[in-house]
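Below is one structure, written out as structure tokens; comments come after it.
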Amino acid sequence: DVKVTQSSRYLVKRTGEKVFLECVQDMDHENMFWYRQDPGLGLRLIYFSYDVKMKEKGDIPEGYSVSREKKERFSLILESASTNQTSMYLCASSLVPVNTEAFFGQGTRLTVV
Amino acid sequence: TQLLEQSPQFLSIQEGENLTVYCNSSSVFSSLQWYRQEPGEGPVLLVTVVTGGEVKKLKRLTFQFGDARKDSSLHITAAQTGDTGLYLCAGAPANQAGTALIFGKGTTLSVSS
């Protein structure tokens with residue numbers, strides 16, 4: 001059974017903290033993605049990666065960075081968490097090309113206080 | 001910026017009714033996907049349509065891809081309470097290798113008994 005696993009379902013962090021969200025996939029997929037999902041705004045792409053050590057900015061990369069040291073792991077880093085980064089974060093992976101199915105993790109609900 | 005406009009944003013119906021959700025764009029897509037997301041979970045793929053004019057059926061769900069590959073629809077016949085959820089369309093931009101899926105903002109469907 002294919003699986004994308006995010007390290008936490010719920011996370012509460014303080015303003016200014018450095019936050020790491022981890023995502024692991026066991027499908028040997030080349031592509032990995034980080035989205036955030038907010039009511040009324042849908043899924044917005046933060047960063048994606050199509051290979052180890054490769055990364056591309058999505059639509060809203062400001063305040064975030066990513067790391068992909070191994071094919072199966074894609075980390076999202078909030079350099080200095082702010083309250084406007086409170087959101088649901090979704091990790092996904094897919095094979096190339098981009099029109100193949102994206103498999104999503106269960107999401108991390110992050111609250112920044 | 002390519003956009004996928006979904007309508008309606010919210011839909012509240014009684015069990016047994018039919019409904020249609022629309023996904024429109026001014027851009028051409030090489031494929032369109034439909035996902036369903038339940039609260040607290042990540043989206044799960046329902047179907048991918050690739051060919052202009054294509055119609056796919058999944059039990060009571062019928063998916064159509066527009067002839068010009070700019071729009072798609074999801075029709076549910078005789079809705080059931082188990083159909084409740086967030087429905088998302090996602091498109092793979094045509095002639096743009098190396099880009100990520102573009103998601104619509106979603107349609108929240110509530111089916112009551």
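Residue count for the stretch A:30-57 satisfying the condition of being in a loop (DSSP other than H, G, I, E, B) and charged (D, E, K, R): 4. Total residues in the stretch B:23-45 satisfying the condition of being surrounded by 18 or more Cβ atoms within 10 Å (Cβ to Cβ) and either closer than 10 Å to B:L74 by Cβ or touching a residue at least 24 places away in the same chain (Cβ under 8 Å) (or both): the figure is 11.
Take B:F65 and decide whether it is of a type in the set (F, W, Y), more than 16 Å from B:T107 (Cα to Cα), in contact with a strand residue (DSSP E or B) (Cβ under 7 Å, 6 or more places away or on another chain) and within 14 Å of another protein chain (Cβ to nearest Cβ). So B:F65 fits the description; yes. Restrict the check to the stretch B:68-82 and report whether at least one residue is outside any helix (DSSP H, G or I), at pLDDT below 95, on the phi > 0 side of the Ramachandran plot and surrounded by fewer than 18 Cβ atoms within 10 Å (Cβ to Cβ). No: the stretch B:68-82 contains no residue that is outside any helix (DSSP H, G or I), at pLDDT below 95, on the phi > 0 side of the Ramachandran plot and surrounded by fewer than 18 Cβ atoms within 10 Å (Cβ to Cβ). Going by what's in this entry, would A:M27 be described as within 14 Å of chain B (Cβ to nearest Cβ) and in a strand (DSSP E or B)? For A:M27, the condition - within 14 Å of chain B (Cβ to nearest Cβ) and in a strand (DSSP E or B) - is not met. When the stretch A:66-113 is examined, which residues are found to be within 12 Å of chain B (Cβ to nearest Cβ), not in a loop (DSSP other than H, G, I, E, B) and not hydroxyl-bearing (S, T, Y)? Listed by number, the residues that qualify are A:M88, A:L90, A:C91, A:A92, A:F103, A:F104, A:R109. Just one of the listed residues (B:Y35, B:Y87, B:Y22) is part of a strand (DSSP E or B), away from chain A (no Cβ under 14 Å) and of a type in the set (S, T, Y), namely B:Y22. When B:G40 is tested against (1) assigned to a loop (DSSP other than H, G, I, E, B); (2) under 20 Å from B:L3 (Cα atoms); (3) within 14 Å of chain A (Cβ to nearest Cβ), exactly one condition is not met: (2). Taking the listed residues A:E62, A:E79, the one that is farther than 15 Å from B:A90 by Cβ, surrounded by fewer than 20 Cβ atoms within 10 Å (Cβ to Cβ), of a type in the set (D, E) and touching a Ser or Thr at 6+ places or on another chain (Cβ under 8 Å) is A:E79, with no other qualifying. Of the numbered criteria (1) within 14 Å of chain A (Cβ to nearest Cβ); (2) in a loop (DSSP other than H, G, I, E, B); (3) not hydroxyl-bearing (S, T, Y), the one B:G53 fails is (1).
Give the residue, chosen from B:K57, B:K105, that is under 12 Å from B:C23 (Cβ atoms) and among the basic types (K, R). That would be B:K105, the only listed residue that is under 12 Å from B:C23 (Cβ atoms) and among the basic types (K, R). Considering the stretch A:3-24, the residues that are of a type in the set (A, V, I, L, M) and away from chain B (no Cβ under 11 Å) include one that is farthest from A:V96 (Cα to Cα), namely A:V12. Taken over the stretch A:30-62, residues that are touching a residue at least 24 places away in the same chain (Cβ under 8 Å) and either at the interface with chain B (Cβ under 8 Å from one of its Cβ atoms) or more than 17 Å from A:Q85 (Cα to Cα) (or both) amount to 9.
Condition check for B:A97 on (1) more than 10 Å from chain A (Cβ to nearest Cβ); (2) at pLDDT below 95: one failure, at (1).
The values are calculated or read from the model by the stated rules, or taken from the named source; none is laboratory data. Given the structure is predicted, the values throughout are model-derived calculations rather than measurements. FYI the Cβ positions are ideal-geometry reconstructions off the backbone, even for glycines, and counts take in every protein chain you see.
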